[in-house]
Amino acid sequence: MTHVLYLAHDLSDPAIRRRVLTLLAGGARVTLAGFRRGQNRLAEIEGVVPVVLGETADGQFLQRMAAVAKASLSLGKTLHDTPTPDVILARNLEMLALAKRAMSIYDRQPALVYECLDIHRLLLNKGKPGQMLNAAQRYFARDAKLLVTSSPAFVEHYFKPVSGLNLPVLLQENKVLALDATVAATPQPRPPAPDEPWKIGWFGALRCRKSLEILAEFAKRMDGRVEIILRGRPAYSEFSDFDGFVAAVPHVHFHGPYKNPEDLAAIYNEVQFTWAIDFFEEGQNSSWLLPNRLYEGCLYGTLPIALAGTETARFIDRRDIGFILQNARPEDLAALFGQMTPQTYADAFDTLSAIDSKQWLTDRDDCRQLVQHLSSLAKSASGHAREAQFSPV
């Protein structure tokens, strides 16, 4: 059984839970070690008790680096009772740095895998800070066997032309983890009843202040004809007063966190549309990512709304699904929904539901394939390392 040591930047991140469940479903043994970032009951994973390395703060990059440096000093003691892993999977740059230290405490060298699902804006800085951070990333990744990322645009716009990393790439899209038949249930159309509003869901990591302001102003203009439903984890560091703002805006509702994938069917079946637009790092990471909510919403027949020029828009345009806005201003949304009829919705829903649900899912076979891939790296790590090259995504 392949033993994976998963180093996590944020133990409360639902994506960390999903990756652990994926590895377990694929037949791996998993040791999870990482940092707390606030209290979150959703971080609990049955059968896996995380090794807590410290605590970090959202949006505080320097604080996180200091926490990693502190944890590295006692890492040998912290992981003393952990058997030598076959693979160390490091999520994000700070955990890659910690993985470098972890590699040195074992007699037998594990295979190092770098998982990077977002490109931090500092890595794209053209000045000294960006140069230094990219140099650090190259140093810490020099023994890595594989880069795992979630969007081909990350490779196209950053990893190939900017990062200087020279690694094989494994694309692991942010698909819904489907370990039982209930997750993949056939979606049903759900147009609103007469005099009921259309509903747009914005679910997941809520970190984009501009999106919140646009949706709030749009909801005001529509005066009850459209409601905005928010669910997930707000990045409170990005908002002056998230809870107060939402409470004061009509037709915008925040319903708190949810469990992924267990709660997805219930929450997406309450809405007709998915807000798949992000301005958090506009023109950079936000333009290149393929968000979790895209796959989640499409699986349950929730129509995505995307912004032209982004990877998300290209993704849905190739499949002829959802709606693409040339601009995402309140008036643009008002124009879209001013023309929205039950028939318009039904036609778009039929097109989306005709797509094979496998497009949106990670099933048990996918889990096994991932673990097999990691296992092959562990076996090759014991032999002679081959020169790594970027491979097609």
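The values are calculated or read from the model by the stated rules, or taken from the named source; none is laboratory data. Please read all numbers here as calculations on a predicted model, not as lab measurements. Cβ atoms come from the backbone with ideal geometry, glycine included; neighbour counts cover every protein chain shown. Note: areas computed on protein heavy atoms with side chains; ligands, DNA, RNA excluded. Shrake-Rupley method; radii C 1.70, N 1.55, O 1.52, S 1.80 Å.
What the table shows:
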{"read-out": "Whole-number accessible area per residue in Å² for the chain, which is evaluated in the context of all protein chains at 1.4 Å", "value": "45"}
{"read-out": "Whole-number percent relative contact order across segment 252-326, with pairs defined as alpha carbons under 8 Å at least 6 apart", "value": "28"}
{"read-out": "Mean separation of Cα contacts under 8 Å (6+ apart) over length of the chain, as relative contact order %", "value": "17"}
{"read-out": "Relative contact order of segment 91-197, pairs being alpha-carbon contacts under 8 Å that are 6 or more residues apart, as %", "value": "24"}
{"read-out": "Span from the segment 217-261 Cα centroid across to the segment 88-107 one, whole angstrom", "value": "37"}
{"read-out": "Nitroxide proxy distance, nm - points 7 Å out along Cα→Cβ at ASP195 and SER353", "value": "2.7"}
{"read-out": "Helix axis angle, 209-222 relative to the chain longest principal axis, alpha carbon, degrees", "value": "10"}
{"read-out": "Those lysines that a straight Cα-Cα span of less than 23 Å connects to LYS160, excepting residues fewer than 8 apart in one chain", "value": "LYS100, LYS126, LYS128, LYS145"}
{"read-out": "Carbon/sulfur fraction of accessible area - the chain, other protein chains in place, 1.4 Å, %", "value": "49"}
{"read-out": "Extension gain from PHE245 to LEU325, taking 0.36 nm per residue of separation minus the Cα-Cα distance", "value": "26.3 nm"}
{"read-out": "Relative packing of 320-328, 274-282, which averages over residues the other C-beta atoms within 10 Å, highest first", "value": "274-282, 320-328"}
{"read-out": "Cα gyration tensor shape of segment 204-322, rounded if a/c is under 1.5, else prolate or oblate by comparing a/b with b/c", "value": "rounded"}
{"read-out": "Peptides ranked, highest mean first, by Cβ atoms within 10 Å: ranges 240-246, 213-219, 338-344", "value": "213-219, 240-246, 338-344"}
{"read-out": "Efficiency of FRET between VAL52 and GLN339 - r from beta-carbon atoms, R0 41 angstrom, step 0.05", "value": "0.20"}
{"read-out": "Those residues of segment 281-321 whose amide nitrogen sits under 18 Å from the label point placed on ARG121, 7 Å along Cα→Cβ", "value": "281-289"}
